[in-house]
Amino acid sequence: MKNIFTLKLFWLFTVMCVTTINSAYAQTSPDYNPLSLWYEQPAEIWMTEALPIGNGPMGAMLFGGTDIERIQFNEISLWSGDRMAREDVTEENMGAHQAFGDVFIRLGHDFSKVTNYKRELDISKAVHRVEYDYEGIHYVQRAFANHPSNVIVVELTADKPKAFNGDVWLTDMHGADITINKNRFYSVGDMKNGYEYEAQLQVLTTGGEIKSSKPEFAGRTLMPTLGLRLIKCDAVTLILSAGTNFKQDFKSEWLGEHPHAKVTKNVDEAITKGVNTLFTEHLADYQNLFGRVDLNLGKTADNLRAKSTLHRLRDYTTAKSTDPELEALFYQFGRYLLISCSRPNSLPANLQGVWNNSNRPAWAGDYHSNINLEMNYWPAETSNLAECHVPFIDYVTSLREVSALNTQKEYGDVRGWTIQTMNNPTGISFWKWNLPGSAWYAQHLWEHYAFGQDKAYLRETAYPVLKEVCQFWEDHLIRRPDGTLVTPDGWSPEQYKYEPEEGVTYDQEIIYDLFTNTIEAANELGHDEAYKKKLMKMRDDLLKPAIGRWGQLKEWEIDKDDPEDHHRHVSHLFALYPGRQISVAQTPELAEAARVSLNARGDESTGWSRAWKINFWARLADGDRAYKLLRSLINLVDETKTIYGKSGGGVYSNLLDSHPPFQIDGNLGATAGYGEMLMQSHADQIQLLPALPSAWPDGSVKGIRARGGFEIDMTWKNNKLTQVVIHSEFGLPCKVTYNGKTWESNTKAGTSYTLNTKLKLQSK
Ligand code: FUC
């Protein structure tokens, strides 16, 4: 009797467990992927809905259309304008980043008759996928941008034979003639400025037939170009490669070989490899970078998990839902974007990364030196993507000679160089001089060393740039009768109301940062002692940031800050972030003044301005305020107004940052912000969870990077650190702080150290 009763109880218990487990999983589909963006409809609007893939030099935006699929593509070096600077530079001379072309696939699957539609960008694999049923056939499109082979691959498959009937064609944004030979499209053109370009698109089919066509749609010839008609094909693969003759070398007037041979080789070799090998190669290459960091900020409720990205963003924005997995996704999306548009041996990420559908993009899609380009690279080191920083460093190095000539034209006989605000790839600089711009660039050269500890790089690449930019300031600073050093003709970007004047805080702080970085670089290299001493003296003499009449950090030397000024630029807080002259620990009064200034500036602003403020509040150790800013950035701009001033800052449904319009700096600056909330290493110590918001009580992070070559894995519970593992790559001494506790120790290269919540060593 007793046994039967126990058995019954056991049975009841088992049923209850299974039911509970089932209902926990019932709402979350079994293929739920927290690292995926997905939608229930094809994209209609390029900027706000299409999804980006990229391999560094090439980028593409995919729409996921079933009737006509559009794959709009770019190459990072396709620019209009001049290559060589002339006397008076105009906006026209500077040129703009250009759209390259489009690939169209017309299958004619009327979306109103399509079922089970899903388009998705899986950022754990960097794959775009479209799936649906149409007239009893299940269609799958898979696209990825392979970096090692420099091709974009689109593969179309179906669960029934002979499913593919339609047209494929290629277009060009500069009117090149398109030709076809052996099922390969060629668009070969020139920009009339010396730049030549070429794209090739190979169409491979299994089964059926393929022949030349004039693509038609609803009885209309779509393009004055040729297409390829697919007739009863079982599967279709497209391989696209594109390039220009741009060469990152001033001496060769920025011109190299015609891209024909390179592009042909890319496509030929990709065909030989085949889609599966190309995919495996892509995955290994991509995941080697992406897989270095895991971030877990807590679990999202199943009912939200079941929703598309658009609906989750709507809930997040209007219903203020708690969605830590969406927040973690937004962090990783920034890393995804940087990997996809910034790889060694090509140009750095521009204002839109590499994704651009216009020949007149906003602000020319340029290299904007007064915050935007630098912000693109803020997450590179901390989010463990040092390789992706290299295009920026190479770009800066390539500008040295041309920028020295430009600078001398403007400022006479000075050493070193600087830049204006708007910049193209060849050192043509336009609009207002941004005097401390080159010093801000130089910060990145130093930081790449501070994290990566490569002495040969510091000696040969970084130090020469740091030093010549210091020399520019040696020749350009004004010494006042009392000995103070000030910058002349300063402008706090972009405060139009004020005339140029001396000693503007933005200038002074960036020069301070430059001198500090150069002094530390000389220390590391153990040379240039006399010059280092000179810099130390000059740094002492610099006019320093000061507190004004309403407790604010003064933006100008004269105390004229307007407490009602809500300008998006917060240039005078450079010293708080990304600089390190002001900190809560070392300069508490100035940090407090920075807080007063930030409060007055307010939180509402353009996309990148919100991203900057996340970093500021993290440096001020205010996690909840940083989180508030983060939420205000992951704010769905659910409208089609993509013009500056016409809608708000936030994100579009494709998670691209809305300045507006789309600017990638807001995405990348936000990713850096998460890094600063979780760990900071700018003040000669590794501070754990310095700005953890109460919204993330439990979580973990793996693989973020600190200066000195340390990698950090941490877990926390109830807002308290539970464990941290420090991996020491180079064996440098290490100082870790958390909650008033310190662990300080020498380390061994290649060794990991596990510390508990009290920062006591657990094991080696
Ligand atoms: C800066 C900003 C603008 C814009 C432009 C590209 O000058 O002031 O808001 O982001 O860069």
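The values are calculated or read from the model by the stated rules, or taken from the named source; none is laboratory data. Quantities reported herein were computed from a predicted structural model and do not represent experimental measurements. Don't worry about glycine lacking a Cβ; one is built from the backbone with ideal geometry, like all the others, and counts go over all protein chains shown. Note: accessible area is taken over every heavy atom of the protein model, side chains too, but ligands, DNA and RNA are not part of it. Shrake-Rupley method; radii C 1.70, N 1.55, O 1.52, S 1.80 Å.
Within this structure, residue 294 passes the test of being closer than 23 Å to residue 694 by Cβ, open to solvent by 20 Å² or more (accessible area, probe 1.4 Å) and touching a residue at least 40 places away in the same chain (Cβ under 8 Å). So in the stretch 542-577, with the set limited to residues that are within 16 Å of the ligand (Cβ to nearest atom) and assigned to a loop (DSSP other than H, G, I, E, B), which one is surrounded by the fewest Cβ atoms within 10 Å (Cβ to Cβ)? Only one residue fits best here, namely 566. Out of the residues in the stretch 76-130 that are of a type in the set (A, V, I, L, M) and more than 25 Å from residue 654 (Cβ to Cβ), state the one that is most open to solvent (accessible area, probe 1.4 Å). Checking each candidate, the answer is 84. Between 54, 64, the distinction of being touching a Cys at 6+ places or on another chain (Cβ under 7 Å), buried (at least 24 other Cβ atoms within 10 Å of the Cβ) and in contact (Cβ under 8 Å) with a residue 40 or more places away in the chain belongs to 54 only.
Being open to solvent by 40 Å² or more (accessible area, probe 1.4 Å) and at pLDDT 95 or above holds for only one residue in 498, 512, 506, and it is 512.
Determine which single condition residue 87 fails, assuming it passes every other condition in (1) over 30 Å from residue 402 (Cβ atoms); (2) not assigned by TED's automatic domain parsing to the domain that holds residue 150. Checking residue 87 against (1) over 30 Å from residue 402 (Cβ atoms); (2) not assigned by TED's automatic domain parsing to the domain that holds residue 150, the one that fails is (1).
Taking the criterion of being assigned to a helix (DSSP H, G or I), polar (S, T, N, Q) and either within 16 Å of the ligand (Cβ to nearest atom) or in contact with a strand residue (DSSP E or B) (Cβ under 7 Å, 6 or more places away or on another chain) (or both), would at least one residue in the stretch 459-467 satisfy it? Scanning the stretch 459-467, I find no residue that is assigned to a helix (DSSP H, G or I), polar (S, T, N, Q) and either within 16 Å of the ligand (Cβ to nearest atom) or in contact with a strand residue (DSSP E or B) (Cβ under 7 Å, 6 or more places away or on another chain) (or both), so the answer is no. Answer yes if at least one residue in the stretch 660-677 is in contact with a Cys (Cβ under 9 Å, 6 or more places away or on another chain), within 16 Å of residue 332 (Cβ to Cβ), at pLDDT 95 or above and outside the structural domain of residue 705 (by TED's automatic domain parsing), and no otherwise. Checked the stretch 660-677: at least one residue is in contact with a Cys (Cβ under 9 Å, 6 or more places away or on another chain), within 16 Å of residue 332 (Cβ to Cβ), at pLDDT 95 or above and outside the structural domain of residue 705 (by TED's automatic domain parsing).
Within the stretch 644-664, can you find the residues that are within 17 Å of residue 313 (Cβ to Cβ), within 11 Å of the ligand (Cβ to nearest atom) and outside any strand (DSSP E or B)? Selection gives 649, 660. Identification of strands (runs of 3 or more DSSP E) wholly contained in the stretch 126-204 with 3 or more residues that are touching a residue at least 40 places away in the same chain (Cβ under 8 Å) and touching a Gly at 6+ places or on another chain (Cβ under 8 Å) yields 164-172. Among the numbered criteria (1) within 16 Å of the ligand (Cβ to nearest atom); (2) of a type outside the set (Ser, Thr, Tyr); (3) assigned to a helix (DSSP H, G or I), which single criterion is violated by residue 628? The failed condition is (1). Filter the stretch 245-287 down to the residues that are closer than 30 Å to residue 403 by Cβ and in contact with an Asp or Glu (Cβ under 6 Å, 6 or more places away or on another chain), then identify the one that is most open to solvent (accessible area, probe 1.4 Å). Only one residue fits best here, namely 258. Counting only residues that are farther than 24 Å from residue 405 by Cα, among the acidic types (Asp, Glu), more than 16 Å from the ligand (Cβ to nearest atom) and in contact with a Lys or Arg (Cβ under 9 Å, 6 or more places away or on another chain), the stretch 468-508 holds 1 of them.
Restricted to the stretch 18-107, the set of strands (runs of 3 or more DSSP E) holding at least 1 residues that are modelled with pLDDT of 95 or more and more than 24 Å from the chain's Cα centre (by Cα) comprises 68-75, 101-106. Quick one: would you say residue 712 is closer than 24 Å to residue 617 by Cβ, free of Cβ contacts under 8 Å to residues at least 40 places away in the same chain and either surrounded by fewer than 16 Cβ atoms within 10 Å (Cβ to Cβ) or in contact with a Leu (Cβ under 8 Å, 6 or more places away or on another chain) (or both)? It is true that residue 712 is closer than 24 Å to residue 617 by Cβ, free of Cβ contacts under 8 Å to residues at least 40 places away in the same chain and either surrounded by fewer than 16 Cβ atoms within 10 Å (Cβ to Cβ) or in contact with a Leu (Cβ under 8 Å, 6 or more places away or on another chain) (or both). Would a scan of the stretch 435-456 turn up a residue that is farther than 30 Å from residue 384 by Cβ, surrounded by 20 or more Cβ atoms within 10 Å (Cβ to Cβ) and not assigned by TED's automatic domain parsing to the domain that holds residue 728? The answer is yes, given that some residue of the stretch 435-456 is farther than 30 Å from residue 384 by Cβ, surrounded by 20 or more Cβ atoms within 10 Å (Cβ to Cβ) and not assigned by TED's automatic domain parsing to the domain that holds residue 728. For the stretch 580-599, state whether one or more residues are farther than 20 Å from residue 677 by Cβ and within 16 Å of the ligand (Cβ to nearest atom). No, the stretch 580-599 contains no residue that is farther than 20 Å from residue 677 by Cβ and within 16 Å of the ligand (Cβ to nearest atom). The set of residues in the stretch 436-457 that are in contact with a helix residue (DSSP H, G or I) (Cβ under 6 Å, 6 or more places away or on another chain) and over 30 Å from residue 733 (Cα atoms) comprises 436, 438.
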